[in-house]
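Comments concern the structure below.
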Amino acid sequence: MRISIANDFSDVPWGRYPSDGDVCGQIFREKKLVPALKAGEHVIVDLDGVEGLGSSFLDESFGGLVRKGHATESSLKSQLEVVTTQREFQMYVDLVWRYIAQAQQEIGRELVKA
Amino acid sequence: MLTLLKALLPTVITLAVGTFWLNRFFVSRANLAALVERVCDALDALKDDCAEYWSVPYSDDRSSELTVLEAQIKGRMQQISALVDLIQSKRPELSDQVRVLLVDLHDACTGGEFESKQRQADRGRFMRVVRIIYKIAVELQRLKIWGGALVEFIDAQCHDLRAGRRGSERVI
C-alpha cells in the first residue's frame, strides 16, 4: 500500500498533537499508518509534494508507532518503506529511521528500569 | 615568417590551453565559494529564526507570527539541504558527516514541541542549534582542496555567524 502524505493526508502536515490541528503527526499515525500496518501490508510512505516536514510531525508519526506499541523497529524495517524523489527531502527519510530507532531505545530503557 | 610561426605555435597552444584550464579552475572555485557563502548566509538566518522561535513559549497572541517563523525555519532547512547537496555533487570529498549534521540540525530546529501549542521556551535546544551550525561551518572549511585562500574566504563569511552566536548566547 502506498501512502502519499501530500495527496492522502495534507501537503502542509503540521504539528504533533490533535490540539495543534487536524493534520498533525498523531492523526496521521492513527488514521493512515496504523490501519495500513495492521492490515499486514507492505507500506510505502511517499514524502514527495509536501511543503516541508517538521521533526515533531515525523517523530510523532513514526517514532510514535513504536512508543505506542503498534510496531517495533525490526517489524518496521521489513514492513515500512519511506521514499522521496526530492533530494532535499532525503534528510526526512533519515530522520524517520532515526526516530524509530530512538523510540525503540526508549522502550528498551523503560523495560530495563521495570 | 612561416618558420617563426612554426616556432611559436607550440608556445601559443600551450598558453591558450593553460589559460583555459586556469580560468576554469578559478571560475569553478569562485562558484563553489559563492555556494558556501549562500550556505553560511542561510545558516545565519536559520540561527536568528531559531533564536526568536525557541526563546519564547507558544502564545495565542503570537500564533500567526509563530506560524510564519515555523514555515521559514522548515524552508531554510530545505534550502540548506539543497545547497549542501549541490556542493557535495561538485566536491564529493565533502564528508558525509555534513549530511549527518544536517539531520541533527533539522532535529534540533524542528523537533520537540515544534509547531505545538504546548511548546515552552527551550534555550538548550537553541544552544544545540548553534553548536551544530558551527560544526557544519567547520566541515565546509575542511575542503582543503579549495586552497588556503578559499578557507580564509569561508572563515570571513562565517565570522559573522560566530559573532552572532556569541551575541545570541548573551541574549537568550
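Bear in mind these aren't lab numbers, they're just calculated from the coordinates by the rules spelled out. In this text the structure is predicted, and so the values were computed from the model without any measurement. Because the Cβ atoms are built from the backbone with ideal geometry, glycine has one as well, and the counts that use them run over all protein chains shown.
Data for the structure
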item: For segment B:1-127, the fraction of alpha-carbon pairs in successive 10 Å shells from zero, as %; result: 11, 31, 20, 14, 9, 7, 5, 3, 1
item: Positive-pole candidate from B:PHE25, B:THR11, B:GLN79, dipole of segment B:1-96, charges at beta carbon; result: B:THR11
item: Mean-position separation - Cα centroids, segment A:7-60 and segment B:47-97, in angstrom; result: 21 Å
item: Across B:LYS74/B:LYS117; A:LYS77/A:LYS113; A:LYS38/B:LYS117; A:LYS38/A:LYS77; B:LYS47/B:LYS74, pairs whose alpha-carbon gap is larger than 19 Å; result: A:LYS77/A:LYS113; A:LYS38/B:LYS117
item: Cβ neighbours within 10 Å from other chains - mean over A:84-92; result: 5
item: Cβ-based charge dipole, the protein assembly as shown, positive-most Cα from A:GLN86, B:LEU2, A:PHE28; result: B:LEU2
item: Those trypsin sites (Lys or Arg not before Pro) in segment B:1-101 that DSSP places in a loop and that have at most 14 other beta carbons within 10 Å; result: none
item: Extension gain from B:GLN118 to B:ILE13, taking 0.36 nm per residue of separation minus the Cα-Cα distance; result: 30.8 nm
item: Per-selection Kirkwood Rh - segment B:1-66 (Cα, Å, 1 d.p.); result: 16.9 Å
item: Rg in Å to one decimal, and Dmax rounded to a whole Å, for the protein assembly as shown via C-alpha atoms; result: 23.8, 97
item: Estimated inter-spin distance, B:ASN31 and B:SER55, nm [label 7 Å along Cα→Cβ]; result: 3.9 nm
item: Length released on extending from B:TRP21 to B:SER64, taking residue separation times 0.36 nm less the Cα-Cα span; result: 10.2 nm
item: Only Lys, Arg (+1) and Asp, Glu (-1) charged, at Cβ; segment A:1-97 dipole about Cα centre in debye; result: 380 debye
item: Spin-label pair B:ALA71/B:GLN97, simplified geometry with 7 Å Cα→Cβ offset, distance in nm; result: 3.7 nm
item: About the Cα centre, charge dipole magnitude for segment B:18-100 (Lys/Arg +1, Asp/Glu -1 at Cβ), debye; result: 660 debye
item: Inter-probe distance in nm under a simple model that places probes 7 Å from Cα toward Cβ, at B:GLN88 and A:HIS70; result: 2.9 nm
item: Of A:ASN7, B:SER89, B:GLY111, farthest towards positive along the dipole that unit charges on Lys, Arg, Asp, Glu beta carbons give the protein assembly as shown; result: B:SER89
item: Electrostatic dipole magnitude of the protein assembly as shown [Cβ: Lys, Arg +1; Asp, Glu -1; Cα centre; debye, to 20]; result: 1000 debye
item: Cα-derived Rg to Rh of chain A, Kirkwood definition; result: 0.95
item: Cα-based helix-to-principal-axis angle, A:90-113 vs chain A, degrees rounded to 10; result: 20 degrees
